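Working notes, beginning with the structure itself.
Just so you know, all these numbers are worked out from the coordinates, no wet-lab data involved. Just so it is clear, the model here is predicted, and its values are computed rather than measured. Neighbour counts run over all protein chains shown; Cβ positions are idealised from the backbone, glycine included.
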Amino acid sequence: MAQAFLTPYQDNEGWEGYTVREVHEKAKTQYRMIPNVVLINAGTNDCRLGIEPGTQPDRMRDMVRDILDNVPEVTIILSGLVPHKDDTIDACAKDMDERYFQMARTEFRDRKVVPVRLVSAQLRDYSGI
């Protein structure tokens, strides 16, 4: 059985099923906690629901900029999107990955925004564990 990595700081938030805009709105309520690291993994649901893919990177940019402007000394880890078994959703997710990474490398290169790619050699169904 795997053991969780425990730190003295267990405060975290995560919202399954939210779109980028919904994550942004929910995140605003947490700025008061003044996190030093924010991990953003958002966008797959926008792809799944077909929510304006052309403007999805703009919504992500708005969220990243808003966090940087409102949380002093924060480092943002901008995660690539999780691979999806549906080819259409996966294609959208891969496109968003590229657009998110380009944004992080150009618009936020002088800020603490770290793009991270999620890569899986083999996707497995662990739902029975």
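Can you pull out the GluC sites (Glu not before Pro) in the range 37-127 that DSSP calls coil and that have at most 12 other Cβ atoms within 10 Å?
73
What is the extension gain from residue 26 to residue 98, computed as 0.36 nm multiplied by their sequence separation minus the C-alpha to C-alpha distance, in nm to one decimal?
Extending this stretch completely gives an extra 23.4 nm.
Which whole-number percent is the relative contact order of the range 20-116 (Cα, under 8 Å, 6+ apart)?
32 percent.
Equivalent ellipsoid semi-axes for the range 20-116, as square roots of 5 times the alpha carbon gyration tensor eigenvalues: give them largest first, rounded to whole Å.
Over the Cα atoms of the range 20-116, the semi-axes work out to 23, 14, 11 Å.
Report, by chain and number, residues whose modeled amide H sits under 5 Å from the one on residue 77, excluding near sequence neighbours (fewer than 5 apart, same chain).
So residue 77 has HN proximity to 38, 39, 40, 114.
Compute the length gained on full extension between residue 116 and residue 15: take 0.36 nm times their separation in residues and subtract their Cα-Cα distance, giving the result in nm to one decimal.
Length gained between residue 116 and residue 15: 34.4 nm.
Can you spot the lysines whose alpha carbon is less than 27 Å from residue 85's alpha carbon? Ignore those fewer than 8 places along the same chain.
The qualifying lysines are 94.
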